[in-house]
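Notes to accompany the following structure.
Since every read-out is calculated from the coordinates, none of them should be taken as a lab result. Since the structure is predicted, the reported quantities are computational estimates derived from the model, not experimental observations. Cβ atoms come from the backbone with ideal geometry, glycine included; neighbour counts cover every protein chain shown.
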């Protein structure tokens with residue numbers, strides 16, 4: 001009888017071990033990431049991109065009009081804004097899915113499974129945050145350069161530089177840092193390589209879009225003092 005009891009007990013322990021094993025494995029799939037830094041990256045991203053596309057076109061007025069610095073906000077700026085939005089979505093969905101670059105602490109199969117609250121629900125590279133934030137900096141830089149050298153005869157305007165270049169550049173740096181920070185016991189939202197690829201491709205894309213837009217769309221609104229125009 002004792003032998004039978006031991007066999008039954010051993011069998012129960014084996015069954016219990018099998019039942020507990022998936023629970024332990026599932027618990028190990030959860031990766032901790034700092035939510036505070038995630039919020040910082042979200043806020044800096046929104047601020048940086050918003051300033052660029054809400055910034056008026058600053059230029060030195062044509063000789064035919066009143067001479068002096070002018071600021072005009074064109075509704076046509078929605079064109080580069082929507083173009084960069086479309087490119088960001090392209091990076092975030094099909095491109096990330098094709099590259100399959102997992103976040104720190106995650107595997108490819110685990111990411112594809114997309115277990116809820118595992119912090120491995122999506123791939124990390126190229127970094128969408130880096131692409132969007134540096135894309136805005138690139139677009140603002142392109143607009144500023146064209147407005148300065150083509151429409152202002154090389155005259156430098158501090159306000160245009162701050163709104164189109166300095167502020168979005170600062171926001172891009174903050175966004176990149178926030179995505180890479182990993183306090184003790186946590187993993188970063190993206191690693192350096194994913195952020196770098198997203199940032200470089202974003203900046204170059206934004207620079208091309210912003211430059212093309214500014215070249216085809218003059219900053220002035222014709223005669224009059226209208227602040228908003230097409």
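By other beta-carbon atoms within 10 Å, ranking 117, 92 with the fewest at the front produces 117, 92. The spacing between the range 160-230 and the range 67-105, judged by their C-alpha centroids, is 9 Å.
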